[in-house]
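Here's the structure we're looking at; comments come further down.
The values are calculated or read from the model by the stated rules, or taken from the named source; none is laboratory data. Just so we're clear, the structure is a prediction, and the values are computed from it rather than from any experiment. Neighbour counts run over all protein chains shown; Cβ positions are idealised from the backbone, glycine included.
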Amino acid sequence: MNPMRAIVELFSRHRNAANLLFFSMIMFGFFGLSGLNTQFFPTTEIKIVNINVPWPGATAQDVDKNIVATIQPEVRFIDGVKEFKSTSRTGFAAITVEFYPEAEIQKAVGDVEAAVNAITTLPKDAEKLIISQTTFFEPVVSVLLSGPFEERALRAYAKQLRDGLLSAGVDKVVMDGFRDEEIWVEAQAAQLRRYNMTAQDIADKLAGSSLDVPGGILRGEVERQVRAVGLAQTAGDVSEISLRSSADGRQIKVGDVARVYETFDANAAEGWRGDNRAIRLTMQRTKNGDALDMTDAVRAYIAETLPSLPPTLKVEVFDVNADKIRQRINVLLVNGLGGMFLVLCILFLFLNGRIAFWVAAGIPASLMATFGVMLYLGMTINMLSLFALIMTIGIIVDDAIVVGEHSAPLTEQGADAQPAAEGGALRMILPITAAALTTLAAFIPMLLITGVMGQFVRAIPLVLFSVLVASLIECFFVLPGHLSHALKKPRKPRRGIRKAFLDRFEHFRANRFKRFVTSVYDNRYTTAAVGMAILIICVGLLAGGRVPFRFFPSPEGEVVNAYVFFQPGTKRAETHEGTKLIEKALYDAEAKLLEQAGREADEKLISIMFTQIGRTGASTGEERAFITAELTASEARTIRTKDIVKQWEALVPDIAGLRYVFIREQRGGPPGRDIDIRLQNADPEILKKAALEVRQKLEEYAGISRARDDLFYNKQELLLEVNRRGEALGFTNAMVGNLTRANLEGAIAKRFARGDEEVTLRVLQPRDSTSPKQLADIELPVPGSLAATGGPRYVPLTAIVDIIEKPGFSSVRRADGQVAVSVIADYDDDAGDPNDVLQDMAATTLPQVAAKYNISFSFGGRNQEQTETLGGLRIGAMVGLSLIYIILAFVFASYSRPIIIMSVIPFGLIGMVTGHYVQGFDLTFLSLVGLLGLSGILVNNSIILISRIDERQNDGEGLREAVINGICDRLRAVTLTSLTTVLGLAPLLFETSVQAQFLLPMVITIAWGLGFASLIVLFLVPSVLGIQEDIRKFVGRLRGAPQEPLSYQPSATPEAGRE
């Protein structure tokens, strides 16, 4: 006995097996929902190993030449490395090594460590390098502390909240504006000279004296542990450390030579909220953390702790991703429920009421079971996975419709309800499975897309796979059991609206539609020509740019960042005062925009603002500032973020010492910028000149704004080279460099743990009016003079070196081994495809600049991601179409019939282009993904038609009659299957939510593509069949062979006999 038949009969005939399975699917769904995390976008991870090397006092170019250039050849060619990038900044080297997705990250970290540990030529005074693996963390919610407090007091409150939040279940807390504690030992040059000491001497003494050392175990009658203690943890303790004894036996202590006090890292950024100091705590989740649960935990802890905090301490919760996630998930849920309601209306309009009810009951069962499968596949609830679920509502319904519509006629022919229900399911097992495979074959190749975008769309095929599995289980094991009871009751005659509709539909099918199909078949060449003409017009709209392509327009940002740069040498206090004027410009922009829009005075655009003085991104400097402004939710305002950015830029005042301000909205989606031109293979000075020319040309293109490069001029560099006089005295370049750095930057004696923090003990010259302002203020001890004369002899630095002044750079970057500079720019969303700008630049300006400066160029950012992604999509398309052909060739036992069935696929392009043109959307990457998936859905309509035509031919009808009658027979089936999918997506077509707009291109592609192609297939398939028959006859006449009508007997025709 067929095992499948036995299983179907078991569930159909058992008293409650079908119901038990039905409720088990529901319960499995609840179990899945309880474990599924909720987030906005799917999780995207890149396997990266970081190498960080501090080298205090070194310029960016020194760091690049002495550290990065040394590490690069050892690491770049490790097995599995995809890309090597580095950024050299003043005093610091940051190297990122990206590995291919298939690489084992733990092995990669080990390989990098082994390669770096083998290097022996790194600068001796560089600090210990740190190798780490990039771990996925996503910001969930932020808390801003501000108030009229000293920095140390505010830090204490921030630490209290941080520790409490970690205990409350937060995975990680990152604090901005929280400067590390340091102890400074400020020794004036006169005092050092008086005691014949240098800053390095003091640092060495502190490093050896201020520590606790185990002394072993004293063994006797009772064993005791011996420890030598002396770790100085406060400024007072450090002051009491003895440096040496004087000639009269007096102890010379650190406090006698230097001023010792506690302070904070001078290079770290300070946080401000208006005129008050501020610290931002950003709560982050791991890959397995749930944003909604974490946000609820944060809010509960803040509400519980707030009463115990001072009333002047302002605690603000902002940048709450959970609220945004809930809002946008609800948008999709509302649209999904609306689509489901429309699908149910169609079901009850076309189908018998009892059959329609049990077909509809399969929707929640299949969807809930899908949630359970999603949990075991490691997926999350996000915008992409929910959209995929909405898209598959029609697919779920189609399978159940087929079984129900094949069971009902059997009862009308006299069969009992139970055999009829079983017969309908058994008859359609192979056809429905084949149809499911063709749909799956179109979507599964999306898994071949690599890179970030591959991870981004991975949810769609996995959700579809889950839905198809759940749908097949429901329609073969659950639905027959329900139908065996529903079909026992006599079928009620049509009445009311349903009767009127179906009567008119059947009259239309038997008259006007049949005449139309007859005309199409008889004028098949004209029909084919019209179809091809429409397709060519749509291709022309694409080629002519009438429907532009944009790789991935990110959703509108709700956070605006301003990067502020003052002239090098600007004091931190001056930077802060200037930044306040830029902050005020944003509030002025808000007031002006609201006034222009005629809004109420109490309406707000700006939710909160936080400023960091001393940094922009990863780069630090007293002349830099970084302003973060969170706006109100995009759905709650009519003024768009880009308008706020433009108005803010326009109102930024002229400020003394201000170099430039970059203002841009923070967006999600794939990493990188739309415009990113990488220049490389030359020294930084040459690349900077080339970058300035490229920037100037970029600004001439429409849609381009804020063109800039990432090679910033920094402070002027003074290059020192020992002259003949210095050489005669015994100085070397290394000696001069070390002594000069000790005078200007000081030396780090040690770092030690105090409580839960690491404190740096630093020896340096005073940063006041007595510190060196010119190189002439620095005097260096002559080598060997102490031994020769009993006391050191000093000479001015300017007397022993030649000085060359040149511009310096704040950072130097490398990409794949080459020093590189990226020219980046913002591109307006309404300006079309940014790749058009890049292609024009590649054909005109860039080759000229490359030849002029002898450099090379390439494209990075989203263009690089686009090239990789579209390459994977092309391969996926070929694999998908090949799989569809193989499945159809097996089903129809023919090599030519699948070609006719698949001939409708290109015509999905008509609906896609028309829909984007009518609704005013650009084509995007998701449009192409939708087109790939649409091919599998469209094939099923062709199968419906051709399978019925074959059946009529096998019953003895001629080809012309079989085609015309077969198309008329299947009009209802094609209409029903298309409407269930299109109407399931229909509410999304008219969604106005700003954050859901990035999904609409895919919705448009599937809904419009399926709608148009379903109409086209009704006249294209008969014309193609007629043309194929004409060709067969023509070839037969040439061969002189007798002609017989062409027909096929499908081995497992999907959806055959569907009504």
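Tabulated data for the structure shown
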| item | result |
| --- | --- |
| Checklist (1) part of a strand (DSSP E or B); (2) surrounded by fewer than 14 Cβ atoms within 10 Å (Cβ to Cβ) applied to LYS124, failing item | (1) |
| Extreme residue, modelled with the lowest pLDDT, among residues of segment 360-416 that are closer than 17 Å to LEU472 by Cβ, among the β-branched types (Val, Ile, Thr) and touching a Ser or Thr at 6+ places or on another chain (Cβ under 7 Å) | ILE395 |
| Residues of segment 672-693 satisfying the condition of being farther than 30 Å from THR44 by Cβ and not hydrophobic (A, V, I, L, M, F, W, C) | ASN681, ASP683, PRO684, GLU685, LYS688, LYS689, GLU693 |
| All helices (runs of 4 or more DSSP H) inside segment 195-304 with 1 or more residues being at pLDDT 85 or above and under 30 Å from PRO148 (Cβ atoms) | 235-239 |
| Of all residues in segment 861-896 being touching an Asp or Glu at 6+ places or on another chain (Cβ under 9 Å) and either under 21 Å from LEU923 (Cα atoms) or of a type in the set (Asp, Glu) (or both), the one that is surrounded by the most Cβ atoms within 10 Å (Cβ to Cβ) | ARG862 |
| Residue list for segment 867-897, restricted to those being more than 26 Å from the chain's Cα centre (by Cα), among the hydroxyl-bearing types (Ser, Thr, Tyr) and not in a loop (DSSP other than H, G, I, E, B) | SER882, TYR885 |
| Helices (runs of 4 or more DSSP H) fully within segment 474-583 counting 2 or more residues that are farther than 30 Å from PHE350 by Cα and at pLDDT 90 or above | 524-543 |
| From PRO364, PRO310, residue being more than 26 Å from the chain's Cα centre (by Cα) and farther than 26 Å from PHE22 by Cβ | PRO310 |
| Scan of segment 83-101 for residues that are crowded, with 21+ Cβ neighbours inside 10 Å and assigned to a loop (DSSP other than H, G, I, E, B), ordered by number | THR90 |
| Single unsatisfied condition, GLY755 versus (1) loosely packed, with under 15 Cβ neighbours inside 10 Å; (2) in contact (Cβ under 8 Å) with a residue 60 or more places away in the chain | (2) |
| Qualifying residue in segment 345-360 (condition: assigned by TED's automatic domain parsing to the domain that holds VAL8, out of contact with any helix residue (DSSP H, G or I) (no Cβ under 6 Å at 6 or more places or on another chain), in a helix (DSSP H, G or I) and among the small types (Gly, Ala, Ser)) | yes |
| Some residue of segment 639-649 being part of a strand (DSSP E or B) and among the hydrophobic types (A, V, I, L, M, F, W, C) | no |
| Residue list for segment 1-49, restricted to those being under 30 Å from VAL75 (Cα atoms) and surrounded by fewer than 16 Cβ atoms within 10 Å (Cβ to Cβ) | GLU45 |
| From the options ALA842, ALA820, ALA825, residue that is closer than 16 Å to ASP676 by Cα and without any contact (Cβ under 8 Å) to a residue 40 or more places away in the chain | ALA842 |
| Only one of ASP922, ASP955 that is more than 43 Å from the chain's Cα centre (by Cα), over 26 Å from VAL397 (Cα atoms) and not β-branched (Val, Ile, Thr) | ASP955 |
